[in-house]
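Q: One structure coming up, written as structure tokens, with questions to follow.
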Amino acid sequence: MTPDGMRPGGTTSDGVRPRQQSDGQNVTGGQTSVGARLSTVFDRARAEGRRVLMPYITGGFPSPEDCTRLIASFLDAGADIVELGVPYSDPVADGPVVQASAQRALAQGVTTDDVLRLAAAHRDRAPFVLLAYVNTVLAYGPERFFACCAASGVAGVVVPDLPADEADPLIAVAAQAGVAVILLAAPPSTDARLELIAGKARGFIYCVAVTGVTGMRARSGDELPELVARLRARTTLPLVAGFGIGTPSQAREAGRLCDGVIIGSALIDMVAKSPTVDAACATTAGLVRATRAALGG
Amino acid sequence: MTVETRFGRYGGRYVPETLVPALDELTIAWEEAREDAAFQAELARLLADYAGRPTPLYHADRLSAAVGATVLLKREDLCHTGAHKINNALGQALLARRMGKHRVIAETGAGQHGVATATACALLGLDCVVYMGAEDVVRQELNVVRMRLLGAEVRTVKSGSCTLKDAMNEALRDWVANVRGTHYLIGSTAGPAPFPVLVRDLQAVIGREARTQVLERFGRLPSEIVACVGGGSNAMGIFHAFRDDPVRLTGVEAAGEGLDSGRHGAPLNRGSTGVLHGSFSYLLQDAWGQVTEAHSVSAGLDYPGVGPEHALLKDSGRATYVGATDSEALAAFRRLAELEGIIPALESAHAIAYVLRGGEGGAGFASDDLILVNLSGRGDKDVHIAADLLAKEGVR
């Protein structure tokens, strides 16, 4: 998959390369600035009486060129933040739809740098959140990875296979670059674990709405109210619901409890079934707009 | 006594948050069960009366003559279901029942762990689902039939390389979705903590028996212990009792078409450090951290990762890890059959191959060397593959 001699970060465009200063984001800043760009989005949404909408797409899916069009289309349709997945060979937290999208991106040679470049191209329109499995971060080199994130307009990184107990080293490195490591909380998490998560979280907490992997479900969110109530008692950070939310009505339900909602597999499934990129942009924009309306705004 | 989560810098629990409470629960359950005399007595009874322990220590005379040293085979191939895997499956199935989990899931490569798990579940009346890569379902068809006969549901995994790695991914996804009532019965000393310790503890019976048997028979310790390494459970099982003894420990990885061919299953020889299936260890990966496909003629060694305790043993120099190629393993498979009337599993044949070539670097053994080999499984399951490949190579 990787051409000979090519190394992570070796083919960076200007957008990916760490810069000294980047659009009001203090790259060398400490804890205080971590997650600041994300808080701004949540504060503004709250003031305007709506929930934050965060569509997810696997970076480089269905192709790097088409992916950048989809991102623009999500933003046009009302996305507040875009979550981009770094395609990974062994995504254990993902269901079949996201898995297949990652396989397709990897088969085209999509790399972590390509995903950072996608964020960098739209960085002036909204903050980005990356979803990266821990091995892709370790292989890139955590210091360089988070510096490149900051330089590409990535404000937070979700690491789905990094529970709070193992997160300290990466949280520290990310904080040096002003990037938030987004921690996840799940229905089976005990109260003691939620304390741990709330104590270490920056930016927002990703609430896993179902006990399971990503993917659309007829019913979702039955376990969400209890999880959210237990988290609210322990944190003032914004809570964002994801996993299993694929329709405007499911998003509305989750939005009654949380400060933001992530939709992913439903969008990717639409793209996978679209005959052309124009059709993919049109159908996904329709879902993003309808979800936007369901979440206010 | 607490179960360790790290071996030096290796190990840990790199899994979705959803699974962490279950890993905590399992850790506590094992800490209690391994100190519980009643639990240990029940396990010992099953290992003796049901699985056939202790397994014999066999002095392989003709093999010894062929290599010029004394070679002893620890006959795990004589265990019920045909491999050492039953030791772990019985222990974890008892633990699952103790924890009130009525559903067990497992991954399998060669099918030996799947058969052992299906067997233990049949014995204890637990529901059993086994994930197996599509490629392995074809090359280990006999074991698929055995699992179904034992009442297990075999789910074919068609993602990724369609082998053991992908079966393990799919089992982890099942566990994420069904964590409350399900126990994931991992078959090797890999995976997130506490599995590397849990599986090692349950397999350590191999080394405890062998150590006693060798001392009784020869009045001294072996000079070297040899075992094949995929995820590493049979090797940890026989190494553990000898960890503080002046005994060479040698693990034999699958060199596939050669360690420098790019087609092998040898992460300790040719991999780099990273995270796979929940633990930090050595693995086969590209520069971006994408896990690359392993290759081995033996399905049980066709895995790009390795248990974290082996990573520490490698770095510390306490154990040495070498490779044996597909053709060496096939030759050893045939040679052991001819010399001793024992058909080994293709996995175990890698350890035999190392002995047949005269040990490290092919330097040969000293005549007073006492070589203890873990013959981890029997080769019934491999006969048709071996026939095809031997024919292709023109070996007569």
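The values are calculated or read from the model by the stated rules, or taken from the named source; none is laboratory data. Source: prediction; values computed, not measured. Every residue, glycine as well, gets a Cβ built from its backbone with ideal geometry; the counts of neighbours run over all protein chains shown. Each accessible area value is taken on the protein alone, full model and side chains, heavy atoms only, with ligands, DNA and RNA left out. Shrake-Rupley method; radii C 1.70, N 1.55, O 1.52, S 1.80 Å.
Q: Quick test for you: out of A:Gly255, A:Gly203, A:Gly296, pick the one residue that is open to solvent by less than 30 Å² (accessible area, probe 1.4 Å), over 18 Å from the mean Cα position of the chain (by Cα), within 26 Å of A:Gly49 (Cα to Cα) and of a type outside the set (Val, Ile, Thr). Let's see the steps before the verdict.
A: On the way: A:Gly255 fails: over 18 Å from the mean Cα position of the chain (by Cα); A:Gly203 fails: over 18 Å from the mean Cα position of the chain (by Cα).
Of A:Gly255, A:Gly203, A:Gly296, the one residue that is open to solvent by less than 30 Å² (accessible area, probe 1.4 Å), over 18 Å from the mean Cα position of the chain (by Cα), within 26 Å of A:Gly49 (Cα to Cα) and of a type outside the set (Val, Ile, Thr) is A:Gly296.
Q: Go through (1) farther than 22 Å from A:Leu162 by Cβ; (2) more than 14 Å from chain B (Cβ to nearest Cβ); (3) over 18 Å from the mean Cα position of the chain (by Cα) and name the single condition A:Ser220 misses.
A: Result: A:Ser220 fails condition (2) only.
Q: Still on this model: Any residue that is modelled with pLDDT of 95 or more, assigned to a helix (DSSP H, G or I), of a type in the set (A, V, I, L, M) and under 30 Å from B:Leu23 (Cβ atoms) - is there at least one of those in region A:153-167? Can you show your working first?
A: So the first thing to find is which residues in region A:153-167 are modelled with pLDDT of 95 or more, and the list is A:153-167.
Those still in the list that are assigned to a helix (DSSP H, G or I) too: A:164-166.
Filter once more, so that each one left must be of a type in the set (A, V, I, L, M): A:164.
Within this subset, residues satisfying the condition of being under 30 Å from B:Leu23 (Cβ atoms) are A:164.
Yes, because at least one residue in region A:153-167 is modelled with pLDDT of 95 or more, assigned to a helix (DSSP H, G or I), of a type in the set (A, V, I, L, M) and under 30 Å from B:Leu23 (Cβ atoms).
Q: To continue, here is another question. For region B:260-268, state whether one or more residues are under 29 Å from B:Thr70 (Cβ atoms), open to solvent by 30 Å² or more (accessible area, probe 1.4 Å) and basic (Lys, Arg). Talk me through it step by step, then tell me what you get.
A: Within region B:260-268, the subset under 29 Å from B:Thr70 (Cβ atoms) is B:266, B:268.
Keeping just the survivors that are open to solvent by 30 Å² or more (accessible area, probe 1.4 Å) gives none.
Within region B:260-268 (the criterion being under 29 Å from B:Thr70 (Cβ atoms), open to solvent by 30 Å² or more (accessible area, probe 1.4 Å) and basic (Lys, Arg)), the answer is no, since none of the residues qualifies.
Q: Same structure again: State whether one or more residues within region A:252-264 are more than 12 Å from every other protein chain (Cβ to nearest Cβ), among the β-branched types (Val, Ile, Thr) and in a loop (DSSP other than H, G, I, E, B). Full working, then the answer.
A: First, the residues of region A:252-264 that are more than 12 Å from every other protein chain (Cβ to nearest Cβ): A:252-264.
Going one step further and asking which of them are among the β-branched types (Val, Ile, Thr), we end up with A:261-263.
Remaining after also requiring in a loop (DSSP other than H, G, I, E, B): none.
Within region A:252-264 (the criterion being more than 12 Å from every other protein chain (Cβ to nearest Cβ), among the β-branched types (Val, Ile, Thr) and in a loop (DSSP other than H, G, I, E, B)), the answer is no, since none of the residues qualifies.
Q: Quick check on region A:129-146: of everything there that is away from chain B (no Cβ under 13 Å) and surrounded by 24 or more Cβ atoms within 10 Å (Cβ to Cβ), which residue is nearest to B:Arg9 (Cα to Cα)?
A: First pass over region A:129-146, keeping only residues away from chain B (no Cβ under 13 Å): A:129-130, A:143, A:146.
Then drop every residue that is not surrounded by 24 or more Cβ atoms within 10 Å (Cβ to Cβ), which leaves A:129-130, A:146.
Numbers: A:Val129: 29, A:Leu130: 27, A:Phe146: 22 Å.
Here the answer is A:Phe146.
Q: Next up: Restrict the check to region B:328-335 and report whether at least one residue is touching a Ser or Thr at 6+ places or on another chain (Cβ under 9 Å) and either among the hydroxyl-bearing types (Ser, Thr, Tyr) or within 22 Å of B:Gly191 (Cβ to Cβ) (or both).
A: Scanning region B:328-335, I find no residue that is touching a Ser or Thr at 6+ places or on another chain (Cβ under 9 Å) and either among the hydroxyl-bearing types (Ser, Thr, Tyr) or within 22 Å of B:Gly191 (Cβ to Cβ) (or both), so the answer is no.
Q: A follow-up question, please. Which of the residues belonging to region B:370-394 are at pLDDT below 95 and open to solvent by 60 Å² or more (accessible area, probe 1.4 Å)?
A: Residues satisfying the conditions are B:Asp380, B:Val383, B:His384, B:Asp388, B:Ala391, B:Lys392, B:Glu393.
Q: Shifting gears a bit: Is at least one residue of region A:79-95 assigned to a helix (DSSP H, G or I) and either touching a strand residue (DSSP E or B) at 6+ places or on another chain (Cβ under 8 Å) or at pLDDT 95 or above (or both)? Let's see the steps before the verdict.
A: Keep residues of region A:79-95 that are assigned to a helix (DSSP H, G or I), which gives none.
Looking through region A:79-95, none of the residues is assigned to a helix (DSSP H, G or I) and either touching a strand residue (DSSP E or B) at 6+ places or on another chain (Cβ under 8 Å) or at pLDDT 95 or above (or both).
Q: Go through region B:269-290 residue by residue and tally those that are over 17 Å from the mean Cα position of the chain (by Cα), farther than 20 Å from B:Ala110 by Cβ and open to solvent by less than 20 Å² (accessible area, probe 1.4 Å).
A: So the answer is 6.
Q: Pick from A:Ala77, A:Ala100, A:Ala72, A:Ala93: which is small (Gly, Ala, Ser), within 11 Å of another protein chain (Cβ to nearest Cβ) and surrounded by fewer than 24 Cβ atoms within 10 Å (Cβ to Cβ)? Working first, answer last.
A: Values: A:Ala77 fails: within 11 Å of another protein chain (Cβ to nearest Cβ); A:Ala72 fails: within 11 Å of another protein chain (Cβ to nearest Cβ); A:Ala93 fails: surrounded by fewer than 24 Cβ atoms within 10 Å (Cβ to Cβ).
So the residue among A:Ala77, A:Ala100, A:Ala72, A:Ala93 that is small (Gly, Ala, Ser), within 11 Å of another protein chain (Cβ to nearest Cβ) and surrounded by fewer than 24 Cβ atoms within 10 Å (Cβ to Cβ) is A:Ala100.
Q: How about region B:2-20: which of its residues are of a type outside the set (Phe, Trp, Tyr), in contact (Cβ under 8 Å) with a residue 40 or more places away in the chain, at the interface with chain A (Cβ under 8 Å from one of its Cβ atoms) and touching a Ser or Thr at 6+ places or on another chain (Cβ under 7 Å)?
A: B:Gly12, B:Arg13, B:Thr18
Q: Look at B:Arg146 and say whether it is within 20 Å of the chain's Cα centre (by Cα), away from every other protein chain (no Cβ under 12 Å), under 27 Å from B:Tyr282 (Cα atoms) and open to solvent by 10 Å² or more (accessible area, probe 1.4 Å). Talk me through it step by step, then tell me what you get.
A: On the way: within 20 Å of the chain's Cα centre (by Cα): yes; away from every other protein chain (no Cβ under 12 Å): yes; under 27 Å from B:Tyr282 (Cα atoms): no; open to solvent by 10 Å² or more (accessible area, probe 1.4 Å): yes.
Here the answer is no, as B:Arg146 does not meet what is asked.
Q: Follow-up. Within region A:171-190, can you find the residues that are more than 11 Å from chain B (Cβ to nearest Cβ) and either surrounded by fewer than 24 Cβ atoms within 10 Å (Cβ to Cβ) or assigned to a strand (DSSP E or B) (or both)?
A: Step one: filter region A:171-190 for residues more than 11 Å from chain B (Cβ to nearest Cβ), giving A:171-182.
Passing the criteria: A:Ile171, A:Ala172, A:Val173, A:Ala175, A:Gln176, A:Ala180, A:Val181, A:Ile182.
One line per residue, one yes/no per condition, for (1) in a strand (DSSP E or B); (2) in contact (Cβ under 8 Å) with a residue 40 or more places away in the chain; (3) closer than 22 Å to B:Glu76 by Cβ; (4) not β-branched (Val, Ile, Thr):
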{"site": "B:Phe333", "(1), (2), (3), (4)": "no, yes, yes, yes"}
{"site": "B:Leu336", "(1), (2), (3), (4)": "no, yes, yes, yes"}
{"site": "B:Ile342", "(1), (2), (3), (4)": "no, yes, yes, no"}
{"site": "B:His350", "(1), (2), (3), (4)": "no, yes, yes, yes"}
{"site": "B:Phe365", "(1), (2), (3), (4)": "no, yes, no, yes"}
{"site": "B:Val373", "(1), (2), (3), (4)": "yes, yes, yes, no"}
{"site": "B:Asp382", "(1), (2), (3), (4)": "no, yes, yes, yes"}
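Q: Looking at region A:228-244, which of its residues are part of a loop (DSSP other than H, G, I, E, B) and open to solvent by 10 Å² or more (accessible area, probe 1.4 Å)?
A: If we filter region A:228-244 for residues that are part of a loop (DSSP other than H, G, I, E, B), which is where we start, we get A:233-238, A:243-244.
Within region A:228-244, A:Ala233, A:Arg234, A:Thr235, A:Thr236, A:Leu237, A:Pro238, A:Phe243 meet the criteria.
Q: In addition: Being under 30 Å from A:Pro91 (Cβ atoms) and crowded, with 24+ Cβ neighbours inside 10 Å, is that true of even one residue in region B:347-364? First the steps, then the outcome.
A: Step one: of region B:347-364, the residues under 30 Å from A:Pro91 (Cβ atoms) are B:347.
From the residues that got through so far, the ones that are crowded, with 24+ Cβ neighbours inside 10 Å too are B:347.
Yes - at least one qualifying residue is present in region B:347-364.
Q: Could you give me the residue pairs with C-beta distances under 6 Å whose first residue belongs to region B:157-186 and is more than 9 Å from every other protein chain (Cβ to nearest Cβ), whose second residue is open to solvent by 30 Å² or more (accessible area, probe 1.4 Å) and at pLDDT 95 or above wherever it lies, and which are 6+ apart or on separate chains?
A: B:Val157/B:Glu170; B:Gly181/B:Arg103; B:Thr182/B:Arg103
Q: Restricting attention to region A:215-227, which residues are closer than 19 Å to A:Ala198 by Cβ and surrounded by fewer than 22 Cβ atoms within 10 Å (Cβ to Cβ)? Write out each step before concluding.
A: Taking region A:215-227 as the starting set, the residues that turn out to be closer than 19 Å to A:Ala198 by Cβ are A:223-227.
Passing the criteria: A:Glu223, A:Pro225, A:Glu226.
Q: Same structure, new question: Can you spot a residue in region B:158-177 that is open to solvent by 30 Å² or more (accessible area, probe 1.4 Å) and either under 17 Å from B:Leu202 (Cα atoms) or assigned to a helix (DSSP H, G or I) (or both)?
A: Checking region B:158-177: at least one residue is open to solvent by 30 Å² or more (accessible area, probe 1.4 Å) and either under 17 Å from B:Leu202 (Cα atoms) or assigned to a helix (DSSP H, G or I) (or both).
Q: Residues that are on the phi > 0 side of the Ramachandran plot and modelled with pLDDT of 50 or more: does region A:40-59 have at least one? I'd like the intermediate steps shown before the answer.
A: To start, the set of residues in region A:40-59 that are on the phi > 0 side of the Ramachandran plot comprises A:49.
When the remaining residues are screened for being modelled with pLDDT of 50 or more, the result is A:49.
Yes, that holds for at least one residue.
Q: Report the residue count in region B:284-310 for those that are outside any loop (DSSP other than H, G, I, E, B) and within 14 Å of another protein chain (Cβ to nearest Cβ). Explain how you work it out, then say what you get.
A: Filtering region B:284-310 down to residues outside any loop (DSSP other than H, G, I, E, B) leaves B:285, B:291, B:299-301, B:305, B:308-310.
Now drop any that are not within 14 Å of another protein chain (Cβ to nearest Cβ), which leaves B:285, B:291, B:305, B:308.
Total meeting the criteria: 4.
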